[in-house]
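Here's the structure, in structure tokens; my notes come after.
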Amino acid sequence: VEVPENCVPAAIATVSGDVYLPALKMDGGLTLATTSGNVGIEEGFELGGDMSVATTSGDLTVKGSFEGDFDLSTTSGGLRFSGEAASFKAESVSGDMDLSGSVFAGRTELESTSGEMKANGLSVGSLKIHTVSGDVTISGLESSEIDVDTTSADVRLKLSDPDGFRYDLKSTSGDNRSPYGSPSGALCRVRTTSGDIEID
């Protein structure tokens, strides 16, 4: 499925087919559901409302800009997002997540089972992460608040301003390392079970 210019669909659903959204502007929100198909959203795509995406057995590549919230659920597929949204929520099962170069002005919630989570350059209003059996590696992170819970996973964060946080770190069967930080700084809370914590 390829959406042409001047078309404003409210919803797209496919089975065993790919979806491609080219560089165009669309008003309103959009709901997208796919099974056994990949989704590609091209750089230059702009959506004036919220976007909801649910994929099963397919990869998702997003380079667009979204004035509203972006809500994603994916099973057995990878996610690459390098765009902008008001807020961002993603739940992933059996797939890796890469958010390099993304900007989310509001709250960002990321949940992953059996998949790695990474980003090189990520700016968010606040960040909440929960993972099971998947490492978290984020560099160039800008956020006013950080809350991470992991099981069987390592956490490595490189912050843009590491001295501006106060750190509350606890790991079971793992090592912790972080800067001294500031007692009056924003909270960076990390909990791991069977994993190391490394913050720079």
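Things worth noting here:
- Of all residues in the stretch 26-46 being modelled with pLDDT under 90 and surrounded by 14 or more Cβ atoms within 10 Å (Cβ to Cβ), the one that is nearest to the chain's Cα centre (by Cα): Gly29
- Checked against (1) at pLDDT below 95; (2) within 19 Å of Lys128 (Cβ to Cβ), Pro179 passes all but condition (2).
- Unique residue being of a type outside the set (A, V, I, L, M), closer than 30 Å to Phe66 by Cα, in contact (Cβ under 8 Å) with a residue 40 or more places away in the chain and touching a strand residue (DSSP E or B) at 6+ places or on another chain (Cβ under 9 Å) when the list is Thr137, Thr150, Thr108: Thr150
- Test set (1) outside any loop (DSSP other than H, G, I, E, B); (2) farther than 21 Å from Phe66 by Cβ; (3) in contact with a Lys or Arg (Cβ under 6 Å, 6 or more places away or on another chain) - Ser126 fails condition number: (2)
- Subset of the stretch 1-25 (residues that are under 19 Å from Gly48 (Cα atoms), among the charged types (D, E, K, R) and modelled with pLDDT of 80 or more): Lys25
Residues are listed down the side, and each one gets a yes or a no for (1) within 16 Å of Gly185 (Cβ to Cβ); (2) surrounded by 19 or more Cβ atoms within 10 Å (Cβ to Cβ); (3) at pLDDT 95 or above:
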| position | (1), (2), (3) |
| --- | --- |
| Ala119 | no, yes, yes |
| Val124 | no, yes, yes |
| Val132 | no, no, yes |
| Ile138 | no, yes, yes |
| Leu141 | yes, yes, yes |
| Ile146 | yes, yes, yes |
| Thr151 | no, no, yes |
| Leu157 | yes, yes, yes |
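The values are calculated or read from the model by the stated rules, or taken from the named source; none is laboratory data. This is a predicted model, so every value here is computed, not measured. Note that each Cβ is placed from the backbone with ideal geometry, even for glycine, and that neighbours are counted across all protein chains shown.
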